[in-house]
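Q: Got a structure here, written out as structure tokens. Questions coming.
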Amino acid sequence: MGWMASVTFDEPGMYAIHLSAVDKAGNIKMSRKLVLYDNLSKVTFNVKRNTRVETASSQTNFTWVTKDTNRIFVKWWGRFINHRHDNSRWLTKINPYPKIDRAYDDFDGRRTVDEVPNIQGCVDFMVSYEVDTGSGVRDFRTLTSVDDIQKQSEELRVVWLDGDRLDVTVRAVDIFNKTLDENVTVFRDATPPVIENLWLTKDDRLNISVHSLEDFTQMT
């Protein structure tokens, strides 16, 4: 028959519950269970950073992709943060307890004695995208976790053409599955302008031939 105990936490924090077993001879064995409690967990934006498509031209405020490419690099360095988890270091490695053997320590579940890999309290980043032609969807990807959260970026391979709009969503996730999304939009225009049907007029005269700069000055 198992034993059960109920514990109530008043404040968010990282807690350790110790269980001691004592036999008739007075021998003691201890174990512990770690509990991360936070009923106020929240992911927010770092207002000093942003999410953007690095492939887009900086001259267009990263709004237009002017290169003929289907490789799109999205970056959100330092943009998302769970302040309480990051400042309190609740996801870092927990030191061994002197009287608890490793075999009886907590290595089971989401929050163990090992460090939980995270970026400013975020344990996962997910990215999705959709290519809009104006009349339909040409390409898309549902929310998918990145391979390495430490990079805080993702390279997408999209199918799109000039005039298409690309909508990208980046989602940050904390250890309690609290999320925060940010959407960025870019457009593609990789074709240089083409000048057609060029002619000069003056009064009623059409298709005036110009041979030098002086000819232009004479037309003003």
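Q: If you average the C-alpha positions of segment 125-154 and of segment 29-86 separately, how far apart do those two centres end up, in angstrom?
A: Here the answer is 14 Å between Cα centres.
Q: Take the Cα atoms of segment 1-92, find their three principal axes, and give me the spread along each one in whole Å, biggest first.
A: The Cα atoms of segment 1-92 stretch 79, 28, 22 Å along their principal axes.
Q: Take the solvent-accessible surface of the protein heavy atoms, probe 1.4 Å, and return the percent of it on the chain that carbon and sulfur atoms account for.
A: Carbon-and-sulfur percentage of accessible area, whole number: 49.
Q: With n ≥ 4 as the cut-off for DSSP H runs, can you work out [θ] at 222 nm for the chain, using -39500 (n - 2.57) per run divided by the number of residues, rounded to the nearest 500?
A: Helix-only estimate at 222 nm: -1000 deg cm²/dmol.
Q: I've got another one for you. Tell me the per residue accessible area of the chain using a 1.4 Å probe; a whole number in Å² is fine.
A: Working: 14990 Å² over 220 residues.
Spelled out: the 1.4 Å probe surface of the chain, per residue, equals 68 Å².
Q: Do you know the relative contact order of the chain, to the nearest whole percent, from alpha carbon pairs under 8 angstrom that are 6+ apart?
A: 19 percent
Q: Now for a separate question. If you build a Gaussian network model of the chain, linking Cα atoms that sit under 10 Å apart, which residue out of Ser145, Ser88, Ser128 swings the most?
A: Maximum fluctuation in the GNM of the chain, among the listed residues, is at Ser88.
Q: If you take log10 I(q)/I(0) by the Debye sum over Cα atoms at q = 0.14, 0.17 Å⁻¹ from the coordinates, which of [x] -0.87, -1.28; [y] -1.02, -1.43; [z] -0.93, -1.14 do you get?
A: [z]
Q: Relative to the Cα centre, what is the charge dipole magnitude of segment 137-194, using +1 at the beta carbon of each Lys and Arg, -1 at the beta carbon of each Asp and Glu, and rounding to the nearest 20 debye?
A: Working: 8 positive and 12 negative charges, 22 e Å.
Using Cβ point charges on Lys, Arg, Asp and Glu, segment 137-194 gives about 100 debye.
Q: Of His18, Gln120, Phe62, which is farthest towards the positive pole of the chain's charge dipole, taken about the Cα centre with +1 and -1 on the beta-carbons of Lys, Arg and Asp, Glu respectively?
A: Final value for the positive-end residue is His18.
Q: Please tell me the relative contact order of segment 79-126 in percent, rounded to the nearest whole number, where contacts are Cα pairs under 8 Å and at least six residues apart.
A: 51 percent
Q: Follow-up question, since we're still on this one. What lysines does Lys151 reach when the alpha-carbon gap must be under 30 Å and sequence neighbours fewer than 8 apart in one chain are set aside?
A: In chain and number order, the partners are Lys42, Lys48, Lys67, Lys75, Lys93, Lys178.
The values are calculated or read from the model by the stated rules, or taken from the named source; none is laboratory data. Just so it is clear, the model here is predicted, and its values are computed rather than measured. As a convention, Cβ positions derive from the backbone with ideal geometry for all residues, glycine included, and neighbour counts pool all protein chains shown. What goes into the accessible areas is simple: the full protein's heavy atoms, side chains included, and nothing from ligands, DNA or RNA. Shrake-Rupley method; radii C 1.70, N 1.55, O 1.52, S 1.80 Å.
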